[in-house]
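Structure first, then comments.
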Amino acid sequence: MEKTFDHLGIAVRNIDETLPFYLHVLGGVLTDRYTAETKGVEVHVAAIHVGDMHVELLEPTNRESPIARFMRQKGQGVHHVAYRVPNLDLAIEEAKREGVRFYEETLRTNARGRRLIYMHMASTSGTLIELCEYP
């Protein structure tokens with residue numbers, strides 16, 4: 001199944017302080033802003049287009065959210081790389097046949113209708129990879 005680059009997720013301490021860099025220095029355009037309050041997500045999101053690239057700035061909404069834990073361990077920076085697939089269920093099935101493991105608890109539909117799941121980092125040589133499908 002074809003997979004295409006979708007976006008980079010970047011963990012930041014404060015979206016409002018980070019946005020000027022992406023908007024003014026890199027010339028990006030803010031395309032969406034929302035809060036995901038789902039347990040195990042808990043994050044403010046700012047979606048930005050920079051040229052052909054889509055970036056999501058991710059600010060934790062509490063100290064125990066996955067993004068907050070990530071930043072305690074690694075600091076601010078790239079959290080995940082996302083690839084778009086036409087059929088998420090089929091993409092998961094195909095990857096599992098190749099021995100790929102997933103963080104099953106991450107399978108969900110986000111606040112904007114995007115279905116997604118994260119691949120286990122043991123299967124990806126240490127990079128957190130999201131597979132996503134749009135409605």
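The values are calculated or read from the model by the stated rules, or taken from the named source; none is laboratory data. Just so you know, these numbers come straight off a predicted model, no measurement behind them. Glycine gets a Cβ as well: all are built from the backbone with ideal geometry, and neighbour counts include every protein chain shown. These area figures cover heavy atoms from the full protein model, side chains too; ligands, DNA and RNA do not enter into them. Shrake-Rupley method; radii C 1.70, N 1.55, O 1.52, S 1.80 Å.
Let me confirm something: among 8, 30, 23, which residue is in a helix (DSSP H, G or I) and open to solvent by 20 Å² or more (accessible area, probe 1.4 Å)?
Every option except 23 fails the conditions.
Is it true that residue 70 is surrounded by fewer than 16 Cβ atoms within 10 Å (Cβ to Cβ) and either within 13 Å of the chain's Cα centre (by Cα) or more than 26 Å from residue 126 (Cβ to Cβ) (or both)?
It is false that residue 70 is surrounded by fewer than 16 Cβ atoms within 10 Å (Cβ to Cβ) and either within 13 Å of the chain's Cα centre (by Cα) or more than 26 Å from residue 126 (Cβ to Cβ) (or both).
For segment 92-100, state whether one or more residues are modelled with pLDDT under 95 and over 14 Å from the mean Cα position of the chain (by Cα).
So far as segment 92-100 goes, no, none of its residues is modelled with pLDDT under 95 and over 14 Å from the mean Cα position of the chain (by Cα).
Can residue 25 be described as β-branched (Val, Ile, Thr) and within 21 Å of residue 116 (Cβ to Cβ)?
So residue 25 fails the test.
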